[in-house]
Amino acid sequence: MSSFKTLKDIANNDTPMFDKYVKKICERFEIGKGDLFERWEDNRDCFLSNARHTLYLLCDRDGMRISEIKRFMKHSGHIVEHSTIIKGIRKANNLMEDDNDYKRIITTIEESILGNNAV
């Protein structure tokens, strides 16, 4: 998928966290990678928006810079602005506060990735 790495990935000699998050989000939301990065004429597809916002949130919670998220998105075929990423992170945070099921999804993805990184 992407060949870009964050400084954290390079320091840990690891697969980019972005790629790990994409894989887990696609599994959890039962969508293809193409769906996650697809451009839609109608941005009202709430389900796919939530999946993408989840990606932004997980990357942000992992310490990834907005510019890094933007670069990974572009490399994956989806050009997005800083403000869109920030707005997505804010929406995902609000959803986490309001919806325990969504919070469980975030926690499950984070724990599964941390579990895979444990030696």
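Mind checking the full-extension length gain between Asp101 and Glu81? Use 0.36 nm per residue of separation minus the Cα-Cα distance, one decimal, nm.
Details: separation 20, 0.36 × 20 = 7.20 nm, distance 2.83 nm.
Answer, rounded to one decimal: 4.4 nm.
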What ³J(HN,Hα) values, in whole Hz, does the Karplus curve 6.51 cos²θ - 1.76 cosθ + 1.60 give for region 17-32 when θ = phi - 60°, with x put for Gly and Pro? 4, 3, 5, 5, 5, 4, 4, 5, 5, 4, 5, 5, 8, 6, 10, x
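Every number in this text was worked out from the coordinates using simple rules, so none of it is lab data. Because the structure is predicted, anything quoted here is derived from the model rather than measured.
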